[in-house]
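What follows is a set of notes on a single structure, which appears directly below.
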Amino acid sequence: MRQAIGYRLSAIGLLLIAVNAGAARAQDMGIEIGTMGPGATVYTLDGKETDLAKYVGKSPVLIEFWATWCPNCKELEPAMKAAAAKYGDKVKFVGVAVSVNESPEKVKAFLEKHALPGDQYFDTHGKATGAYDVPATSYIVILDKTGKVVYTGLGGRQNIDAAIKKVL
């Protein structure tokens, strides 16, 4: 009986996290603020291997971990496009599509319809997701020009404008 109650509480906790993910506060989870952004192998949508390290320490960079099926990612999309239009000459935008229930083909088709900003990659083996300790999709990490993590956030209602101003 106790075990069943424990499972129910865990399930309720997960449900509450999912319901409130749109309002999760920045820095509550994921890679620690102040650490250096790690490199991680990801793949272009054509299947070529590359590393996120090529963005670290060159200029400010915003990395979004997303999925085609993620409602918070869809909610975040207009803000991401607006931020890229406003700051694209000062901040590099990078999208990392997670490989959970995804394929490069699905991601390509989605991008053709939605035209998300920045360079887009596929995390085939979950290395970037692991390196950045990604708690869920719609997770954003912003690195300053030295490569240090200055912002992390989760959910569809992040203030991306305020987050980017931390690196300008």
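The table for this structure:
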quantity	calculated
Rounded to 5, the percent of DSSP beta bridges in segment 32-168 classed as antiparallel	60 percent
For segment 42-138: rounded, prolate or oblate by the Cα gyration tensor [a/c cutoff 1.5]	rounded
Of Lys48/Lys127; Lys58/Lys106; Lys108/Lys166; Lys54/Lys90, those spanning more than 25 Å from alpha-carbon to alpha-carbon	Lys58/Lys106; Lys108/Lys166
Heavy atoms of Tyr43: accessible area, 1.4 Å probe, square angstrom to 10	40 Å²
Set of aspartates and glutamates with alpha-carbon distance to Lys81 below 14 Å, sequence-local pairs under 8 removed	Glu64, Asp89, Asp119, Asp161
Virtual paramagnetic centre 7 Å along Cα→Cβ of Glu112, amide N under 17 Å, in segment 31-53	45-47
Sequence of Thr35, Thr152, Thr50 when ordered by accessible area, the most exposed leading, probe 1.4 angstrom	Thr35, Thr50, Thr152
Loop trypsin sites (Lys or Arg not before Pro), segment 54-115 (other Cβ atoms within 10 Å of the site Cβ: 15 or fewer; DSSP)	Lys58, Lys90
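The values are calculated or read from the model by the stated rules, or taken from the named source; none is laboratory data. The structure presented is a predicted model; accordingly, all values stated were derived computationally and were not measured. We place every Cβ from the backbone using ideal geometry, glycine too, and count neighbours over all the protein chains shown. Ligands, DNA and RNA are stripped out before the accessible areas are found, and what is left, the full protein with its side chains, is counted by its heavy atoms. Shrake-Rupley method; radii C 1.70, N 1.55, O 1.52, S 1.80 Å.
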